[in-house]
Amino acid sequence: MDFQDYYKTLSVAPDADSKTIKTAYRKLARKYHPDVSEHHEAEEKFKEIAEAYEVLKDSKKRAQYDELREYGAQGYGQQQNQSQGGSGQQYSQSSFDQGDFSDFFSSIFGGAHQPGQGAGAHGFSTQSAARKGQDIETDMPIFLEDTLATTSKPISYSLPHRDAQGRVSQVNKTLNVKIPAGIVDGERIRLKGQGGQGLGDAPPGDLYLRIRLVPHPLFDVEAHNLIITVPLAPWEAALGTSLELPTLSGKIKLRIPANSQTGQRLRIKGKGLVRKDGHGDLYAVLKVVMPDSVSEESKQHWQQLADATAFDPRMEWRK
Amino acid sequence: MELNAQYFSLEEICYATQSPSQTIIELINQGIVEPEGSGPETWIFDTQMITVTKKACRLHRDLDIDWSGIALAISLIEELEQLRDENQRLRKRLERFLDQ
């Protein structure tokens, strides 16, 4: 267990007054709060900051910590048992479960250690020990195809489990979840009682699943419509063609009119995503592409075309 | 497993978020949470409102912001998330046109 320098965590001097500490905490908390920050280590960082502030804002805890910091920081590993014996008081939580604080914190101020949540389960606990178990929030990736009809999908997540001796460890759990047709990105599903267990008779917490639509290799989502980019050879765009177009529910025939343009959108009604009030549409966006290499023969054909066609693609520039 | 009901009464949202009803009413007064129904007896909340309430309570507690500040923060965070999503979508569509 490493010694935690709470002053360093908050970037304040060891003799900083309480106002300076408060300001430093607020500044860092705004930067790293997991509800605000996009920083990939925001949650970890914020826990460290909250823990440091929890100690330094409280004159009694701060004095206790300062003493340890002065005399025991170097040989911390040997001193911890002694200091643990000295502080029998149970810490009452205000910002996190006490379990969310480090071993270091628990060794000074008491409280059973509870490891942080495993990868994938993000969010943090908000309940005090006497209340219901910890809520778990986690992302649930869903393929676009799976939103067309109501399906059942497995979700695995980890949650803290307390054994009869009060030791807490992370356990993995898998549930089959019914995903209603037409679910949208960012929507949340609550599974009552599937979160962390409650203490004693307290009921368990809940599981919140945040639906994340997995990016599709072919289709982009725009509200309840889908977009697919259709590459066309220049002659297909010029002469028109008929092609097989993939949709989320199998292939269909699509007719490309003659004289089509890059960027042009063709609407295929009802082939978008499912909504409560019907289906969205699929838009085929055309994109004219050139072959990678041009043979000598093709080059002659292009030359003939160039000679025979009066077309100025940069007309706009001449105005 | 089958989904539990995804709509909640005032009592149920208080329990789910472990918040007193005054907090929920404060969030409604600020327009952060907008339940269906005309008053406490008939209010109906959805899952999204539970997660917003939980987020609002975390911000209130951890950042020491008053409720009107929370309302502003939540609407700015939502707007930021929407813009990020939109930006990501447009980037991806642009890539489909620019690669090759």
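One residue alone among A:262, A:309 is farther than 30 Å from residue B:87 by Cα and of a type in the set (Ser, Thr, Tyr), and that residue is A:309. Scanning the stretch A:286-312 for residues that are more than 14 Å from every other protein chain (Cβ to nearest Cβ) and among the aliphatic types (A, V, I, L, M) yields A:294, A:305, A:306, A:308, A:310. On inspection, residue B:13 passes the criterion of being among the hydrophobic types (A, V, I, L, M, F, W, C), more than 9 Å from chain A (Cβ to nearest Cβ), assigned to a helix (DSSP H, G or I) and touching a strand residue (DSSP E or B) at 6+ places or on another chain (Cβ under 6 Å). Residues of the stretch A:263-319 that are hydroxyl-bearing (Ser, Thr, Tyr) and over 32 Å from the mean Cα position of the chain (by Cα): A:293, A:295, A:298, A:309.
Pairs are defined by a Cβ separation below 6 Å, a sequence spacing of at least 6 or placement on different chains, a first member in the stretch A:1-25 that is in contact (Cβ under 8 Å) with a residue 40 or more places away in the chain, and a second member that is outside any helix (DSSP H, G or I); the pairs so defined are A:3/A:73; A:7/A:14. Farther than 20 Å from residue A:182 by Cβ and assigned to a strand (DSSP E or B) - does that describe any residue in the stretch A:294-302? Within the stretch A:294-302, not a single residue is farther than 20 Å from residue A:182 by Cβ and assigned to a strand (DSSP E or B).
Scanning the stretch A:253-276 for residues that are in contact with a Ser or Thr (Cβ under 8 Å, 6 or more places away or on another chain) and either within 13 Å of residue A:229 (Cα to Cα) or in a strand (DSSP E or B) (or both) yields a count of 6. Exactly one residue among B:28, B:77, B:70 is surrounded by 14 or more Cβ atoms within 10 Å (Cβ to Cβ), at the interface with chain A (Cβ under 9 Å from one of its Cβ atoms) and either assigned to a helix (DSSP H, G or I) or touching a strand residue (DSSP E or B) at 6+ places or on another chain (Cβ under 9 Å) (or both), and that residue is B:77. Which ones in the stretch A:148-207 are among the acidic types (Asp, Glu), more than 30 Å from residue A:250 (Cα to Cα) and under 24 Å from the mean Cα position of the chain (by Cα)? Within the stretch A:148-207, just A:206 meets the criteria.
Among residues that are modelled with pLDDT of 95 or more and either at the interface with chain B (Cβ under 9 Å from one of its Cβ atoms) or surrounded by fewer than 14 Cβ atoms within 10 Å (Cβ to Cβ) (or both), residue A:241 is not included. Count of the stretch A:16-42 residues, restricted to those that are more than 11 Å from every other protein chain (Cβ to nearest Cβ), surrounded by fewer than 19 Cβ atoms within 10 Å (Cβ to Cβ) and touching a helix residue (DSSP H, G or I) at 6+ places or on another chain (Cβ under 9 Å), is 5.
One residue is enough: does the stretch B:35-51 have a residue meeting the conditions within 14 Å of another protein chain (Cβ to nearest Cβ), closer than 24 Å to residue A:47 by Cα and either in a helix (DSSP H, G or I) or free of Cβ contacts under 8 Å to residues at least 40 places away in the same chain (or both)? Within the stretch B:35-51 (the criterion being within 14 Å of another protein chain (Cβ to nearest Cβ), closer than 24 Å to residue A:47 by Cα and either in a helix (DSSP H, G or I) or free of Cβ contacts under 8 Å to residues at least 40 places away in the same chain (or both)), the answer is yes, since at least one residue qualifies. Residues in the stretch A:40-48: is at least one farther than 24 Å from residue A:107 by Cβ, outside any loop (DSSP other than H, G, I, E, B) and assigned by TED's automatic domain parsing to the domain that holds residue A:64? Scanning the stretch A:40-48, I find at least one residue that is farther than 24 Å from residue A:107 by Cβ, outside any loop (DSSP other than H, G, I, E, B) and assigned by TED's automatic domain parsing to the domain that holds residue A:64, so the answer is yes.
The values are calculated or read from the model by the stated rules, or taken from the named source; none is laboratory data. These numbers were taken from a predicted model, which means no experiment stands behind them. All Cβ positions, glycine included, derive from the backbone under ideal geometry; neighbour counts span all protein chains shown.
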